[in-house]
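Only one structure is covered here, and it is reproduced in the block below.
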Amino acid sequence: KTKSNYYDEIVARIFERYTDIIENSGGLDFDDLLLKTHLLFKQNSTVLNHYQERFQYLMIDEFQDTNIAQYEIAKQLSANSHNLCVVGDPDQSIYSWRNADIRNILSFKDDFPKAKIITLEENYRSSKTILNAAKNLINNNSKRVDKDLWTNNKTGTPILLVDAYNEEEEARKIIREIITLKNAKNSNLQDIAIMYRVNAQSRSFEMACQKFGVPYQIVGGIKFYQGKEIK
C-alpha cells in the first residue's frame, strides 16, 4: 500500500520488522493477546465452548475503557449464557488514546436488548457546586447516555478556575493558595490534598513545596527524587 508521507513509510517498515521478530520468537504482545484470543474463539468452536462453560458469569468494570477486541471477546464468551454485567460511564471515558472505544457502552443496549439498565444517579462524594459544574460541562458531549446526577451533600464553596503558563507556574500558584488558606483560616496542612492525574506531575509540586518551605507527603507513591531511575 502506498504511504502518504515519510512518517507513515517509516512506521510501516518498523511495524513489519517488529511483527517478524515477534513471530520468529513465538511471542505475543498485548494487542496480539486480545486479537489472537478473538480469532481462536472465532475459528475453533471447541475451544470457545470450553471457556463458555468455564465462565458462566462475566462482569466487566470500567466498561467505557474497553476496546473493540475486548468487547468482542466478552460477547463470544457470553453468547450462550447471556450472563454479562458491565459497569461503566461514557462521561468518564478518557482512554481513547489507547484505543478505548466509547461506542462499546453506547451500543450495549442495541447488542443486548433484553439487558436491564440500572442508572446510578446519586453522587455521595461531591458537593452540589462540583456536581452542577460537571453536569453542565459534560452535557456538551454529543455521544453520551443522559442521566440526571444529584446529591444530598452541601452546596460547597465556589470553584476557582486558574490559568497557568506551565507546570511550574501551576505548582507555584497552588502552593501559594495553600499557604494563604493556612494563614488566613488557620487550616491544618493535613486537611489539604493536591490531586493530580499522572505521578510524573508530582515533581513540580515537590519543588514548589521545597521552595516555599511547605512540608508534604506523597500518598500512594514515592518522592520524585527517591525514584531509582532518578538516583
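One residue is enough: does the stretch 36-50 have a residue meeting the conditions within 30 Å of Arg144 (Cβ to Cβ), without any contact (Cβ under 8 Å) to a residue 40 or more places away in the chain and under 20 Å from the mean Cα position of the chain (by Cα)?
no
Can you pull out the residues in the stretch 133-178 that are open to solvent by less than 100 Å² (accessible area, probe 1.4 Å), in a loop (DSSP other than H, G, I, E, B) and touching a residue at least 24 places away in the same chain (Cβ under 8 Å)?
Asn141, Arg144, Val145, Lys147, Asp148, Leu149, Thr151, Asn153, Thr155, Gly156, Ile159
Quick one: in the stretch 79-117, of everything that is among the hydroxyl-bearing types (Ser, Thr, Tyr) and open to solvent by 40 Å² or more (accessible area, probe 1.4 Å), which residue is farthest from Thr157 (Cα to Cα)?
Ser96
Is there any pair with a first residue in the stretch 103-115 that is on the phi > 0 side of the Ramachandran plot and a second that is among the β-branched types (Val, Ile, Thr) and open to solvent by 70 Å² or more (accessible area, probe 1.4 Å) whose Cβ atoms are under 9 Å apart and which are 6 or more apart or on different chains, and what are they?
Close Cβ pairs satisfying both conditions: none exist.
Could you run through the stretch 181-229 and say how many residues are open to solvent by less than 70 Å² (accessible area, probe 1.4 Å), over 19 Å from Ala164 (Cα atoms) and β-branched (Val, Ile, Thr)?
Total satisfying the criteria: 3.
Report the residue count in the stretch 118-129 for those that are within 20 Å of the chain's Cα centre (by Cα) and either open to solvent by 80 Å² or more (accessible area, probe 1.4 Å) or among the aromatic types (Phe, Trp, Tyr) (or both).
2
The values are calculated or read from the model by the stated rules, or taken from the named source; none is laboratory data. From a predicted model like this one, the values you see are computed outputs, not experimental measurements. Backbone-built Cβ (ideal geometry, glycine too); neighbour counts: all protein chains shown. Areas reflect the complete protein model, heavy atoms only, side chains present, ligands, DNA and RNA absent. Shrake-Rupley method; radii C 1.70, N 1.55, O 1.52, S 1.80 Å.
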